[in-house]
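Report on one structure; see the data block that follows.
The values are calculated or read from the model by the stated rules, or taken from the named source; none is laboratory data. All values derive from a computational prediction rather than experimental measurement. Counting neighbours? That spans all protein chains shown, and the Cβs are built from the backbone with ideal geometry, glycine included. The area values use the complete protein model at the heavy-atom level, side chains included, leaving out ligands, DNA and RNA. Shrake-Rupley method; radii C 1.70, N 1.55, O 1.52, S 1.80 Å.
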Amino acid sequence: MVEKAINISQMLKKDHISTEVINARFVNPIDREMINRSIEKTGFLVTMEENYLVGGVGKNINSMLALKFLLSLAIKYAIE
C-alpha cells in the first residue's frame with residue numbers, strides 16, 4: 001500500500017499538488033505531532049490501508065483528529 005501511495009504522490013506532484021506519504025502502520029503510539037504537521041503543510045489527510053474496515057490505523061487517526069477539532073471548538077466557545 002505504501003508503494004501505491006508513493007506512486008499517487010508522484011503523479012500529484014506533476015500537477016503541482018504537494019503531498020506527503022507517512023507510513024504509520026507500525027507506529028505505536030501514533031505520532032500525533034507528525035500527522036498534525038503534515039495536515040498543516042498540505043491541508044489534507046488521506047488514509048489508505050489494507051486491513052480491517054473497523055479498528056484500523058485510519059480510524060484511530062480520524063478519531064484523534066475529531067477529538068482535537070471538538071476540543072478546539074469547545075475551548076473557543078468557552079472563551080467567548
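Could you tell me how many degrees, from 0 to 90 and to the nearest 10, lie between the Cα long axis of helix 2-14 and the main elongation axis, the longest principal axis, of the Cα atoms of the chain?
Taking the Cα atoms of the chain, the angle to 2-14 is about 90 degrees.
How much accessible area per residue does the stretch 1-60 have, counting only protein heavy atoms and a probe of 1.4 Å, in square angstrom? Present the calculation step by step, with values, prior to reporting the outcome.
Details: 5160 Å² over 60 residues.
Solvent-accessible surface per residue comes out at 86 Å².
Please work out which option in [x] 1.34; [y] 1.27; [z] 1.18 gives Cα Rg over 2.2 N^0.38 Å calculated from these coordinates, and answer with its label.
Here Cα Rg over 2.2 N^0.38 Å agrees with entry [y].
Would you work out the charge dipole size for the chain about its Cα centre, treating the Cβ of every Lys and Arg as +1 and the Cβ of every Asp and Glu as -1, and quote it to the nearest 20 debye? Intermediate results must be reported in sequence, preceding the final value.
Working: 10 positive and 9 negative charges, 12 e Å.
Roughly 60 debye, rounded to the nearest 20.
Quick one: helix 57-79 against the long Cα principal axis of the chain, what's the angle to the nearest 10°, folded into 0 to 90?
30
At a 1.4 Å probe radius, carbon and sulfur cover how many percent of the accessible area of the chain? Could you put the intermediate results ahead of the total?
Values: 4080 of 6830 Å².
Taking all protein chains in place, the chain shows 60 percent carbon and sulfur surface.
Going down the list K14/K68; K4/K41; K4/K59; K13/K59, which pairs span over 25 Å between their C-alpha atoms?
On the way: K14/K68 33 Å; K4/K41 21 Å; K4/K59 20 Å; K13/K59 27 Å.
Cα-Cα > 25 Å for K14/K68; K13/K59; rest within.
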